[in-house]
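To start, the structure under review is shown below, and the notes come after it.
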Amino acid sequence: MRTSLWAALIPVIFAALAFSTATAEETAAGQSDTGAEAAAHEGPAYSRRGADTCLGCHDDVAVTNIFMTAHGQPSDSRSPFGAGQLQCEACHGPGGAHVKLPKRGERRASMPYWGHESTASDAEHSQMCLTCHDKHVGLQWAGSTHDVEDVNCGECHNPHAATDPVLKTNLQAMVCYECHIEQKADENKPYVHPIADRRMACTACHAPHGSAADHLLVRNTTNETCYTCHQDKRGPLLWEHAPVTEDCGYCHRPHGSVHPALLTQRPPLLCQSCHSQAGHPSVAYGPGGLADGNPSSYLLGGSCLNCHSQVHGSNHPSGVNLSR
Ligand code: HEC
Ligand code: HEC
Ligand code: HEC
Ligand code: HEC
Ligand code: HEC
Ligand code: HEC
Ligand code: HEC
Ligand code: HEC
Ligand code: HEC
Ligand code: HEC
C-alpha cells in the first residue's frame, strides 16, 4: 500500500528534528549499524541495515506512524530506535530471512514475531515487549488472566498507531470488545455506566495487565473498586444493609442492565430474592391483596423502596429498618 509522499516523509521529518545534524537516512543507517552489528555477533539472522531495509518495502503510514510515538524516538536510548537498539527487529525479531528475495513459487519467510506466519507462541511474542517492559508491566503480567489465556501484548496494543487506541478513554472499549462480546452487548442496554458514551474506560475498574483481585479489578474487591467513585456508599453507617457492605454485585450489574440503576432485577423481586415473601409478620398490614385483586401494598409502585428507601444503609438513629 503506497501512500502519499508527504505521509512517507513524516517520519523522516521527525527523525530529522531529533537529529538535526544528519539526514534521517544517515541517522537510521548509522544506528542500525550499531544495533545490527552488535546482534551480528549472536547470529547472522538480523538484517544488515536495520530499519532502512524494512522501510524500503514498508513505507506506508500504517507502519511509519511508529515514528510519531514513544517507540520511534532516536533521541531516547531506551526506545527501539535509540542508539544501539535493534529498531524494527527489537519487536519483530531477526529479519535476515524475511528481507531475502523468496525463491520462485515460495512465500517470503515470515518475520518471527507479528509476521504473517509467525510460529512463536503468545508468551514468546509478549516476551519481545517484556525485554524492555519487564519491571513495570512484567510483574503484573506474569500469570495474569490474559497471560494465561494466551492473549499477547500486540492483541491490545498497536505500536504502529500514532496514538495507540487502547490507551485512549474514548477508543479503548472497542479494542476490548473484539474479544469481550458479552460486555459489548451489555453496553447497548438502557442503563449503563458512561462507558457507553466513551467517557469512561474499562480501566476505571479493570487492570488489564493483571491484578491480585478477582476479575482483574483495580482494587482488592468489587466494593473497594466501586468506592473509588461512589464514596458516599462506603460508610461506615449506623445501620448497614449486609449485602451492600459485602458486594455491590448482588444487586448491580456494572456493565449495563435493562433495569434502572443498573439493578440485577427490579424490586420487589430483587428484595424478595433474599427476603421471605411471607412479608412482615410484625407489621399490622395483612398479607392479602387490595381490592379488585391488586397485589399487596407492599408490592406496589416503588414497592419495598416506598418505605425502605435507605437501601444502602442509614445513619438515622431510628433507621434500623432502612426506612429513613
Ligand atoms: C514496539 C514494537 C514494534 C516495533 C519497534 C515495530 N513494530 Fe511492527 N508491529 C508491532 C506489533 C505489535 C504489530 C502487530 C500490530 C497489530 O496486530 O495490531 C506490528 C505490525 C507490523 C506490520 C503489519 C502491519 C499490518 O497490520 O499490516 C508490519 C508490516 C510491521 N509491523 C513492520 C514494522 C517495521 C517496518 C518496523 C520498523 C520501522 C516495525 N514494524 C517496528 C510491533 C512493533
Ligand atoms: C523486499 C521487501 C521487504 C523487506 C525489505 C521487508 N519486508 Fe516485511 N514484508 C514484505 C512483504 C511483501 C510482506 C507480505 C508477506 C506476505 O504476505 O507473504 C511483508 C510482511 C511483513 C510483516 C507481516 C505483515 C502481515 O501483514 O502479516 C511484518 C511484521 C514485516 N513484513 C516486517 C518487516 C521488517 C521488520 C522488515 C525489516 C527487517 C521487513 N519487513 C523487510 C516485504 C518486505
Ligand atoms: C527496545 C525497548 C522496547 C521494546 C522492545 C518495546 N518497548 Fe514499549 N516503550 C519503550 C520505551 C523506552 C517507552 C517510553 C517509556 C517512557 O516514556 O517512559 C515505551 C512505551 C510504551 C508504551 C506507552 C506509550 C505511550 O504513548 O505512553 C506502551 C503501551 C508500550 N511501550 C508497549 C509496548 C509493546 C506492546 C511492545 C511490544 C510489541 C513494546 N512496547 C516493546 C521501549 C520498548
Ligand atoms: C488486555 C489488553 C492489554 C494487554 C494484553 C496488554 N496491555 Fe498494556 N495496556 C493496556 C491498557 C488498557 C493500558 C492503559 C492503562 C491505563 O490507562 O491505566 C495499557 C498500558 C500499557 C503501558 C503504558 C504504561 C502503563 O502501564 O500505563 C505499557 C508500557 C504497556 N501497556 C505494555 C504492555 C505489554 C508489554 C504487554 C504484554 C506483556 C501489554 N501491555 C499487554 C491493555 C493491555
Ligand atoms: C484478544 C482477546 C482479548 C482482548 C483484546 C481482551 N481480552 Fe480480556 N480476556 C480475554 C480472554 C480469553 C479472557 C478469559 C476468558 C474470559 O473471562 O472471557 C479474558 C478475561 C478478561 C477479564 C476477566 C478476568 C478474570 O480473571 O475473571 C477481564 C476483566 C478482561 N478480560 C478485561 C479486558 C479489558 C479491559 C480489555 C481491553 C483493555 C480486554 N480484556 C481485552 C481475551 C481478551
Ligand atoms: C464500573 C466498573 C466496571 C467497568 C467500567 C467495567 N467493568 Fe468489567 N467487571 C466489573 C466487575 C465489578 C466485575 C466482576 C464480576 C461482575 O460483577 O460481572 C467485572 C467483570 C468483568 C469480566 C469478567 C466477567 C465474568 O463473567 O467473569 C470481563 C470480561 C469484564 N468485566 C470486561 C470489561 C470490559 C471489556 C469493560 C470495558 C468495556 C469493563 N469490563 C468495564 C466492573 C467493571
Ligand atoms: C470511575 C468512576 C466510577 C466507578 C469506579 C464506578 N462508578 Fe458507578 N457511576 C459512575 C458515574 C460517572 C455514573 C453516572 C452518574 C450519572 O450519570 O449521574 C455512575 C452510575 C452508577 C449507577 C447508576 C446511577 C443511576 O442513577 O442510575 C450505579 C448503580 C453505579 N454507578 C454502581 C456502581 C458499581 C456497583 C460500581 C463498582 C462495580 C461502580 N458504580 C463503579 C462512576 C463510577
Ligand atoms: C441490596 C441491593 C443493593 C446493593 C447490595 C447495592 N445497591 Fe445500589 N441500589 C440499590 C437499589 C434498589 C437502587 C435504586 C434506588 C432507588 O431507586 O432509589 C440502588 C441505587 C444505586 C445508585 C444510584 C442512586 C444513588 O443512591 O446514588 C448507586 C450509585 C448505587 N446504587 C451504588 C451502589 C454501590 C456502590 C454499592 C456497593 C457498595 C451498591 N449500590 C449496593 C440496591 C442495592
Ligand atoms: C443479597 C441478599 C439481599 C438482598 C437482595 C436484599 N437484602 Fe435486605 N437484608 C439482607 C440481609 C442478609 C440482611 C440482614 C438480616 C439480619 O441481620 O438478620 C438484610 C436486612 C434488611 C432489612 C432490615 C434491617 C435489619 O438489619 O434488620 C431491611 C429493611 C431490608 N434488608 C430491606 C431490603 C430491601 C428493601 C431490599 C431490596 C431493595 C433488600 N433488602 C434486598 C439481604 C438482602
Ligand atoms: C408500607 C411500608 C412498607 C413496605 C412497602 C415494605 N415494608 Fe418492610 N417494613 C416496614 C416496617 C414499618 C418495618 C418494621 C417492622 C417492625 O419493626 O416490626 C419493616 C420491616 C422489614 C424488615 C425487617 C425484618 C422484619 O421482618 O421485621 C424486612 C427484611 C423488610 N421489612 C423487608 C421488606 C421487603 C422485602 C419489602 C418489599 C417486598 C418491604 N419490606 C416492604 C414497612 C414496609
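Values as computed for the structure displayed
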{"quantity": "Cβ-based exposure ranking for D76, D147, in which fewest neighbours within 10 Å come first", "calculated": "D76, D147"}
{"quantity": "Amide H within-cut-off set for H206, under 5 Å, with H built and near neighbours excluded", "calculated": "V218"}
{"quantity": "Total charge dipole magnitude, the stretch 75-219, about the Cα centre, Cβ charges on Lys, Arg, Asp, Glu only, Debye to nearest 20", "calculated": "520 debye"}
{"quantity": "Unit Cα scatterers, Debye sum, the stretch 51-95: log10 I(q)/I(0) for q = 0.22, 0.29, 0.30 Å⁻¹", "calculated": "-0.73, -1.16, -1.20"}
{"quantity": "Estimated FRET transfer efficiency when R0 is 25 angstrom, pair D134-A45 (beta carbons, to 0.05)", "calculated": "0.60"}
{"quantity": "Exposure proxy order (Cβ contacts within 10 Å, fewest to most) of L101, L55", "calculated": "L101, L55"}
{"quantity": "Relative frequency of Cα-Cα separations exceeding 24 Å in the stretch 101-259, percent", "calculated": "48 percent"}
{"quantity": "Rounded Å value of the spacing that divides the Cα centres of the stretch 49-98 and the stretch 119-193", "calculated": "22 Å"}
{"quantity": "Under 5 Å, built H, 5+ apart or other chain: amide partners of H252", "calculated": "T264"}
{"quantity": "Straight-distance crosslink candidates among lysines, where the alpha carbon sits under 24 Å from K168 and sequence neighbours closer than 8 are dropped", "calculated": "K135, K184, K189"}
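Read-outs: derived from the displayed coordinates by stated rules, not from any lab. Everything numeric in this text was worked out from a predicted model, so none of it was measured. Neighbour counts run over all protein chains shown; Cβ positions are idealised from the backbone, glycine included.
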